[in-house]
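In what follows, a structure is listed as structure tokens, so that the remarks can point back to it.
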Amino acid sequence: MPSLELDGTPRAPRDARRFVDSSLDSWGVAGDRRDAIRLLATELVTNALLHGTPPIIIDARRSGVTIRVSVRDGNPTPPSPRPFDVEAPTGHGMLLVQRLSRRWGVEPAADGKLVWFEIDAGFGDLADAAGARVSSLAASPPSLQ
């Protein structure tokens, strides 16, 4: 499984996107799914930078049509999506992960936690799939997985 240890500087999100891009190139992932994977990977890395502790390691793997990206950091406290606040300048990253991914979760690790998401890189319009999930979320908000 490809992985990259990030340096914990403001360059880390950029380095994570380049790493994810390389993996997505090798798997032939393009279009809106590629954009969503890059965005969500950046959100997880940014959360690890702001709220986690080193080391910060990003992994990417493919199983069939499913792409899974995970970010490990040294802080065992799991992230939690906050209610959307249009006036808040931050705090929307985990809501994006929750709404754009097929699945996401947090796993304890011996040295912190692992936060991950999955997106199917198969054919079809990601916006339609995400839109259906957003509609169902509005009716019944999920709990933290």
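The values are calculated or read from the model by the stated rules, or taken from the named source; none is laboratory data. Just so you know, these numbers come straight off a predicted model, no measurement behind them. Heads up, the Cβs are rebuilt from the backbone with ideal geometry, glycines too, and the neighbour counts pull from every protein chain shown.
For the range 37-46, state whether one or more residues are in contact (Cβ under 8 Å) with a residue 24 or more places away in the chain, surrounded by 15 or more Cβ atoms within 10 Å (Cβ to Cβ), part of a helix (DSSP H, G or I) and hydroxyl-bearing (Ser, Thr, Tyr). Looking for residues that are in contact (Cβ under 8 Å) with a residue 24 or more places away in the chain, surrounded by 15 or more Cβ atoms within 10 Å (Cβ to Cβ), part of a helix (DSSP H, G or I) and hydroxyl-bearing (Ser, Thr, Tyr), one finds at least one in the range 37-46, hence yes. Residues in the range 62-94 that are in contact (Cβ under 8 Å) with a residue 12 or more places away in the chain, of a type outside the set (Val, Ile, Thr) and closer than 21 Å to residue 19 by Cα: 62, 68, 70, 72, 73, 74, 93, 94. Taking each residue of the range 95-106 that is on the phi < 0 side of the Ramachandran plot and surrounded by fewer than 20 Cβ atoms within 10 Å (Cβ to Cβ) and looking for partners that are basic (Lys, Arg) and not in a loop (DSSP other than H, G, I, E, B) with beta-carbon atoms closer than 7 Å, six or more apart or interchain, yields 99/133; 106/113. The single condition from (1) assigned to a loop (DSSP other than H, G, I, E, B); (2) surrounded by fewer than 16 Cβ atoms within 10 Å (Cβ to Cβ) that residue 81 fails is (2). Taking the conditions (1) assigned to a loop (DSSP other than H, G, I, E, B); (2) at negative phi; (3) modelled with pLDDT under 95; (4) touching a Lys or Arg at 6+ places or on another chain (Cβ under 7 Å) in turn, residue 76 satisfies each one other than (3). Taking the condition of being closer than 13 Å to residue 73 by Cβ and over 15 Å from the mean Cα position of the chain (by Cα), how many residues in the range 8-18 meet it? Within the range 8-18, residues that are closer than 13 Å to residue 73 by Cβ and over 15 Å from the mean Cα position of the chain (by Cα) number 1. Taken together, 40, 24 contain a single residue that is of a type in the set (A, V, I, L, M), farther than 24 Å from residue 111 by Cα and modelled with pLDDT of 95 or more, which is 24.
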